[in-house]
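Read through the structure below, which is laid out as structure tokens, and then see the notes.
The values are calculated or read from the model by the stated rules, or taken from the named source; none is laboratory data. Everything quoted here is computed from the prediction, not taken from an experiment. Cβ placement follows ideal geometry from the backbone for every residue including glycine, while neighbour counts extend to all protein chains displayed. For accessibility, only protein heavy atoms count, side chains too; no ligands or nucleic acids. Shrake-Rupley method; radii C 1.70, N 1.55, O 1.52, S 1.80 Å.
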Amino acid sequence: MAAPMEVAVCTDSAAQLWSCVVWELHSGANLLTYRGGQAGPRGLALLNGEYLLAAQLGKNYISAWELQRKDQLQQKIMCPGPVTCLTTSPNGLYVLAGIAESIYLWEVSTGNLLVILSRHYQDVSCLQFTGDSSHFVSGGKDCLVLAWSLCSVLQADPSRTPAPRHVWSRHTLPITDLHCGFGGPLARVATASLDQTVKLWEVSSGELLLSVLFDVSIMAVTMDLAEHHMFCGGSDGAIFQLDLCTWPGQREKSFQPEQDHGKVFRGHRNQVTCLSVSTDGSVLLSGSHDETVRLWDVQSQQCLRTVALKGPVTNACIMLAPVSMLSSDFRPGLPLPHFNKHLLGTEHGDEPRHGGLTLRLGLHQQGSEPSYLERVEQLHRVMCSTLEKNVLGGQDQLRIRVAELEDEVRNLRKINRDLFDFSTRIITRPAK
């Protein structure tokens with residue numbers, strides 16, 4: 001059985017030839033291009049292995065392509081404002097978007113906007129789920145990093161604002177990037193900031209595990225799958241490699257280029273905007289404002305390939321190619337629904353959508369049981385429909401069924417009269 005193909009997915013802010021390009025990681029061969037719009041930084045996400053989502057730079061919508069319908073814009077997901085960052089849950093059930101200082105959470109199956117989280121004080125700059133979709137982490141220009149439990153957010157009382165599980169406030173300047181490791185609720189989260197530090201946190205306890213100070217602002221951060229190495233992209237174009245398993249137990253450290261000269265990747269002429277590591281940890285992908293994407297050998301820090309784009313690189317990531325990306329006849333199992341812009345869609349101008357099946361549990365349950373009169377009308381319609389069919393044969397069974405329905409209608413009418421009389425007596429009872 002052949003190993004899964006790894007591909008690089010890249011976008012730039014110019015989008016002259018295409019909005020997004022996919023190329024095979026090791027050969028450099030172009031596989032797919034998607035046209036229509038300019039994807040913003042931290043604004044590219046794969047949904048359920050079937051759709052590619054791109055938050056448009058400075059615009060209030062998200063473009064969605066079917067992975068094989070590369071030349072046709074599948075859908076525009078309209079949003080209340082310009083989307084600053086975007087991510088999807090690994091299980092394909094939810095879409096998260098940062099809009100100004102708020103976080104919007106949609107349910108993919110219905111398109112319902114489930115909750116709006118407003119705990120940041122300035123624009124949200126980055127969002128990411130943990131690998132098991134149980135938590136997500138947000139970073140903002142207010143220097144805060146918030147760790148959220150998805151279960152707590154969904155089960156929160158609608159009258160109360162959901163609270164994050166952890167509030168990490170040790171950064172002193174805006175957050176530029178974050179990366180969630182493996183482990184679900186036990187994962188470690190790396191955060192980068194303009195304050196020239198990268199910090200490593202533990203989701204389960206909320207503790208700060210490590211803080212590293214650099215000579216330049218850090219614009220991008222990532223880790224390999226084994227979490228042996230952490231890679232930090234600087235505002236000067238350098239990429240720094242931190243070996244997490246070889247450092248002593250100290251929580252604060254300064255990165256000294258002269259001492260760790262063998263752990264610096266040099267080649268970009270402008271700030272690094274995005275970083276991603278291959279599955280086996282041997283290759284590093286980087287994007288920069290110098291309009292190039294570079295592929296590096298991690299062991300030797302040598303540049304293996306340079307791909308020139310038409311503008312500053314906004315997104316560059318390595319992923320295992322989904323089956324739908326490589327099969328020309330593949331189509332999504334379900335179409336994307338209409339995404340509501342408001343929590344109560346039909347009351348705020350969103351058109352009601354019919355024909356879908358919605359299951360609401362717990363505090364999200366809405367509506368009530370039909371009244372007795374509604375049940376009477378429904379049974380009467382069934383009875384009339386049965387009579388109108390004039391079924392040949394089985395007349396005895398038909399008459400028995402009609403008689404049963406008539407008895408049920410009489411009983412329901414009697415219950416309705418009794419309830420009406422009882423309510424009338426209660427309302428008209430003289431006060432003592």
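Table for the structure above
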{"quantity": "Strands (runs of 3 or more DSSP E) contained entirely in the stretch 104-196, each with at least 1 residues that are of a type in the set (Gly, Ala, Ser), touching a His at 6+ places or on another chain (Cβ under 6 Å) and open to solvent by less than 50 Å² (accessible area, probe 1.4 Å)", "calculated": "135-140, 145-149, 188-193"}
{"quantity": "Members of the stretch 315-337 found to be among the β-branched types (Val, Ile, Thr) and open to solvent by 90 Å² or more (accessible area, probe 1.4 Å), listed by number", "calculated": "323"}
{"quantity": "Test for residue 50: is it closer than 22 Å to residue 275 by Cα and either in contact (Cβ under 8 Å) with a residue 60 or more places away in the chain or surrounded by fewer than 16 Cβ atoms within 10 Å (Cβ to Cβ) (or both)", "calculated": "no"}
{"quantity": "Qualifying positions in the stretch 198-209 - assigned to a strand (DSSP E or B) and surrounded by fewer than 23 Cβ atoms within 10 Å (Cβ to Cβ)", "calculated": "202, 208, 209"}
{"quantity": "Top-ranked residue in the stretch 296-311 [being without any contact (Cβ under 8 Å) to a residue 60 or more places away in the chain and of a type in the set (A, V, I, L, M, F, W, C); ranked as most open to solvent (accessible area, probe 1.4 Å)]", "calculated": "304"}
{"quantity": "Conditions (1) at pLDDT 60 or above; (2) open to solvent by 100 Å² or more (accessible area, probe 1.4 Å); (3) out of contact with any strand residue (DSSP E or B) (no Cβ under 8 Å at 6 or more places or on another chain); (4) closer than 27 Å to residue 111 by Cα; number of the one not met by residue 357", "calculated": "(1)"}
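Yes or no, residue by residue, for (1) open to solvent by less than 60 Å² (accessible area, probe 1.4 Å); (2) in contact with a His (Cβ under 8 Å, 6 or more places away or on another chain); (3) at pLDDT below 90; (4) closer than 28 Å to residue 127 by Cβ:
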residue: 240; (1), (2), (3), (4): yes, no, no, yes
residue: 248; (1), (2), (3), (4): no, no, yes, no
residue: 267; (1), (2), (3), (4): yes, no, no, no
residue: 273; (1), (2), (3), (4): yes, yes, no, yes
residue: 279; (1), (2), (3), (4): no, no, no, yes
residue: 294; (1), (2), (3), (4): yes, yes, no, yes
